[in-house]
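Encoded as structure tokens, the structure appears first; notes follow it.
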Amino acid sequence: MATTNMQLIEDMTMSLALSGTIKPDEEIHTFAHWKSLGFSVRKGEKAVVSFPIWKYSTSKKSGSDETDGENGEKTGKMFMKNSHFFSTSQVEKITPEMKARWEAAKKRRLERRKI
């Protein structure tokens, strides 16, 4: 029976809650998922847990053609990738001030590269 990422994450969340690592009502997500939800992981926070989840890739290897012969569509592959998860207590909502500060820092970095 195939296990989905959602099942893996729910099982791990329950295990962490039972062990007391996180509160029962807390959620865990990857850094990228928290960012897509409008949250930022606080500086210096370490992942509460790391475990493999399924990842889908459509990238082509050099010299090989990963296309479907009939329609010429790209096909991909599934593989397990170790991912790091952060809990609700480790993140904060991204504010406009934070965004402005990040943009200013990014602009300074780009300017330094040009010199």
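Quick notes on this structure:
- The stretch 54-96, residues that are hydrophobic (A, V, I, L, M, F, W, C) and either in contact with a Gly (Cβ under 7 Å, 6 or more places away or on another chain) or at pLDDT below 95 (or both): TRP54, MET78, PHE79, MET80, ILE94
- Residues of the stretch 1-34 satisfying the condition of being within 12 Å of the chain's Cα centre (by Cα) and without any contact (Cβ under 8 Å) to a residue 24 or more places away in the chain: ALA32, HIS33
- Members of the stretch 25-50 found to be part of a helix (DSSP H, G or I) and among the small types (Gly, Ala, Ser), listed by number: ALA32, SER36
- Test: LYS99 is modelled with pLDDT under 90, part of a loop (DSSP other than H, G, I, E, B) and surrounded by 10 or more Cβ atoms within 10 Å (Cβ to Cβ): no
- Tally, over the stretch 37-62, of residues that are among the small types (Gly, Ala, Ser), touching a strand residue (DSSP E or B) at 6+ places or on another chain (Cβ under 9 Å), surrounded by fewer than 13 Cβ atoms within 10 Å (Cβ to Cβ) and within 25 Å of LYS99 (Cα to Cα): 1
The values are calculated or read from the model by the stated rules, or taken from the named source; none is laboratory data. The structure displayed is predicted, hence computed values, not measured ones. For neighbour counting, all protein chains shown are included, and Cβ atoms are generated from backbone atoms with ideal geometry for every residue, glycine included.
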